[in-house]
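Beneath this line is the structure, given in C-alpha cells, with notes to follow.
The values are calculated or read from the model by the stated rules, or taken from the named source; none is laboratory data. No experiment lies behind these values; they were computed from the predicted model shown. A quick note on method: Cβ atoms are made from the backbone with ideal geometry, for glycine too, and the neighbour counts reach across all protein chains shown.
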Amino acid sequence: MASYQDLSTPQLQSMLSDLRAQYAEFQKKGLKLDMSRGKPAADQLDLSMPLFDVLNSSSDMNTSDGFDIRNYGVVDGVMDAKRLFGELMGVSTEEIILLGSSSLALMYDVVVRAMVHGVLGSPKAWGKYDKIKFLCPVPGYDRHFAISESLGIEMIPVEMTETGPDMDAVEKLVSEDETIKGIWCIPKYSNPQGITYSDETVRRFANLNPAAPDFRIFWDNAYCIHDLYDEHDELLDLFAELKKTGRANMLFMFASTSKVTFPGSGVAMMIATKENLDFVRKDISIQTIGPDKTNQIRHVRFLKDVDSIYEHMKKHAALLRPKFETVLEALDKNLGGTGIATWTKPRGGYFVALKTMEGCAKRVISLCKEAGVVMTAAGATHPYGIDPKDEDIRIAPTYPVIGELKLAGELFCLCVKLASIEKILQTR
Ligand SMILES: Cc1ncc(COP(=O)(O)O)c(C=O)c1O
C-alpha cells in the first residue's frame, strides 16, 4: 500500500469520502465493545475454578508448618506460599512477602509509607521534601502515574525504546538530582508496549549511581510469566545483578496472581532484600494482624508447584494468542505500508501499543467511541494524562471474544485512517 503522505490531495479526498461511508455503516451496527482495560476473559477465569474446590469444610486447615489458616497470625504470608512464589520468582523465602490480593495496593502502600516514614536508608521521610520526583518511562501504566500524582510526586517522563527506558536519560537524571526517589518499570511485556527490557538495560539498572541514597526501582513484574508463545522473551534477573553490584537494596519488586488465577482475589507479592522487608514489616505489623491465609493456601494447593504454574499459564496463552493475532492481522492488513501508524508485536503480556501520526490519537479514540468501541483514553499512558504528541494508543485485546475483536479491529483501523487523512489534508 502506498504511503498516505505520498498520495495526491484528490486521491486522499476520495478515500476520505469512502471511509466516511464505511464509518457510517459501522455506526448503524450499534456496537458496544470494550478494548480499554487489560482484563482476562471469562474462559480464562474458568481455568482457575478448581481453586474453589481445593479447600472445603473437610480440608486440612493447617499449613505445613502448623499454622491454623482460619485464625489470626503470620503477618506477611504463610511459608508454604512464600516457598512456592519465592521459587517462581527466583528468591529466598526471606526476600518475599505476600499481602492481600492486589500488587497495585502494595505499591500504593509502599509509596505512602515512604512519604510518611521514608525507606531503609532515607535521610528523611519523602514527604518532608518540598518536592520529590519519580521517573516515568512513557508510554507507561496509567495507575502507576495515578499513584504518583495523588501523592504529589512530580513525574518526569523518560522515553521508552525497544530495549526499555532510555537509559542515558535515566542514568543522567538520577545521578544529578537527590530528589528523584524512584522509577516505575514494567520490565517484562511492558504495559502498554509488550516490550521486555534487554540484558544491557537491566545491567545498566544494576549499575545506577543515584544521587539519592534512598532511590528505589519500582520493578512491577506484573507479566513475568505471561508468555503467549513457547519461544518467549527472557528478562535478566535484576535482583541477582544488583546483588553482584552491591546495590540490592535499590529494588522493590512486585507481582501478583491477578492474571494467573483471579484479578482481585489472587495473591500479591513484594520482593526485596531482607533488610528492606524488615523495615516495611514494622509498619505492616501495625497495619494488620495478618493477610488472608485461606486464599494463600488455596493458591498453593491449586497451583501446586512451579512446573504446574507454567502449564497453567500455557492454557491462558492458548486462549490469548488468537486474540492478539486477530488484532495484529487487522493492523497489518489495514495499516501496513500506509506510513500512518506503527505498532508493537508483543510475545506476551496484555497489550499492544500503537503510535499514530502526531496529533491523531485523541481523534481516533473519539471516533471509535462514537461508533461503540471504547478504547483506553488518549493520553492515559502518559503522566498527568498528557501525551504531548497526541500519538499513543493502548489496545487491550484480551477481554472481547474473537468475533468482536475482528469487528473492533476493523473499526479501529478505519478510525486511524480517517483521523490521519483529515490531519494530512489540514496540513496541506
Ligand atoms: C503493569 C501492571 N501492574 C499492576 C497491575 C495490577 O495488578 P494487581 O491486580 O496485582 O493489583 C496491572 C493491571 O493491569 C498492570 O498492568
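Take residue 222 and tell me if it is away from the ligand (no atom under 15 Å from the Cβ) and hydrophobic (A, V, I, L, M, F, W, C). Spelling it out, it is not the case that residue 222 is away from the ligand (no atom under 15 Å from the Cβ) and hydrophobic (A, V, I, L, M, F, W, C). When 151, 106 are checked against the criterion of being of a type in the set (A, V, I, L, M), within 16 Å of the ligand (Cβ to nearest atom) and within 24 Å of residue 286 (Cβ to Cβ), 106 stands alone in meeting it.
Results for (1) part of a strand (DSSP E or B); (2) at negative phi; (3) surrounded by 16 or more Cβ atoms within 10 Å (Cβ to Cβ); (4) in the same structural domain as residue 181 (by TED's automatic domain parsing), shown as yes or no for each residue.
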| site | (1), (2), (3), (4) |
| --- | --- |
| 119 | no, yes, yes, yes |
| 131 | no, yes, no, yes |
| 135 | yes, yes, yes, yes |
| 140 | no, yes, yes, yes |
| 144 | no, yes, yes, yes |
| 147 | no, yes, yes, yes |
| 152 | no, no, no, yes |
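A search for C-beta distances below 6 Å between a residue of the range 408-428 that is at pLDDT 95 or above and any residue that is of a type in the set (D, E, K, R), counting only pairs 6+ apart in sequence or on different chains, returns 419/363. What do you reckon, is residue 206 of a type in the set (Gly, Ala, Ser), in the same structural domain as residue 271 (by TED's automatic domain parsing) and more than 16 Å from the ligand (Cβ to nearest atom)? Spelling it out, residue 206 is indeed of a type in the set (Gly, Ala, Ser), in the same structural domain as residue 271 (by TED's automatic domain parsing) and more than 16 Å from the ligand (Cβ to nearest atom). Checking each residue in the range 263-277 for being buried (at least 21 other Cβ atoms within 10 Å of the Cβ) and either near the ligand (Cβ under 8 Å from one of its atoms) or of a type in the set (Phe, Trp, Tyr) (or both) picks out 266, 268.
Suppose the filter is touching a residue at least 24 places away in the same chain (Cβ under 8 Å), assigned by TED's automatic domain parsing to the domain that holds residue 391 and in contact with a Phe, Trp or Tyr (Cβ under 8 Å, 6 or more places away or on another chain); does residue 368 pass it? Yes, satisfied. Which one is nearest to the ligand (Cβ to nearest atom), of the residues in the range 109-131 that are β-branched (Val, Ile, Thr) and more than 19 Å from the chain's Cα centre (by Cα)? The qualifying residue nearest to the ligand (Cβ to nearest atom) is 112. Under the condition of being within 13 Å of residue 208 (Cα to Cα) and in contact (Cβ under 8 Å) with a residue 60 or more places away in the chain, which residue from the range 177-192 is farthest from the ligand (Cβ to nearest atom)? Per the criteria, the residue is 181.
Confirm whether residue 2 is aliphatic (A, V, I, L, M), touching a residue at least 60 places away in the same chain (Cβ under 8 Å) and out of contact with any Leu (no Cβ under 7 Å at 6 or more places or on another chain).
Details: aliphatic (A, V, I, L, M): yes; touching a residue at least 60 places away in the same chain (Cβ under 8 Å): yes; out of contact with any Leu (no Cβ under 7 Å at 6 or more places or on another chain): yes.
Taking the combined requirement at face value, the residue satisfies it.
For the range 233-261, how many residues meet the condition of being under 17 Å from the mean Cα position of the chain (by Cα) and surrounded by fewer than 18 Cβ atoms within 10 Å (Cβ to Cβ)?
Going through the range 233-261 one residue at a time, the tally reaches 1.
Being within 14 Å of the ligand (Cβ to nearest atom) and of a type in the set (Lys, Arg) holds for only one residue in 244, 259, 282, and it is 259.
Which of the residues belonging to the range 8-47 are within 16 Å of the ligand (Cβ to nearest atom) and not in a loop (DSSP other than H, G, I, E, B)?
34, 35, 44, 45
Under the condition of being of a type in the set (Gly, Ala, Ser), within 14 Å of residue 139 (Cα to Cα) and part of a loop (DSSP other than H, G, I, E, B), the residues counted in the range 370-428 number 4.
Residue-wise test of (1) at pLDDT 95 or above; (2) in contact with a helix residue (DSSP H, G or I) (Cβ under 7 Å, 6 or more places away or on another chain).
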| site | (1), (2) |
| --- | --- |
| 279 | yes, no |
| 283 | no, yes |
| 297 | yes, yes |
| 300 | yes, yes |
| 307 | yes, no |
| 310 | yes, no |
| 314 | yes, no |
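For the range 45-87, a residue qualifies if it is touching a Ser or Thr at 6+ places or on another chain (Cβ under 7 Å) and of a type in the set (S, T, N, Q), and exactly one does: 48. Kindly evaluate residue 316 against the criterion of being within 17 Å of residue 225 (Cα to Cα) and either buried (at least 21 other Cβ atoms within 10 Å of the Cβ) or touching an Asp or Glu at 6+ places or on another chain (Cβ under 9 Å) (or both). Yes.
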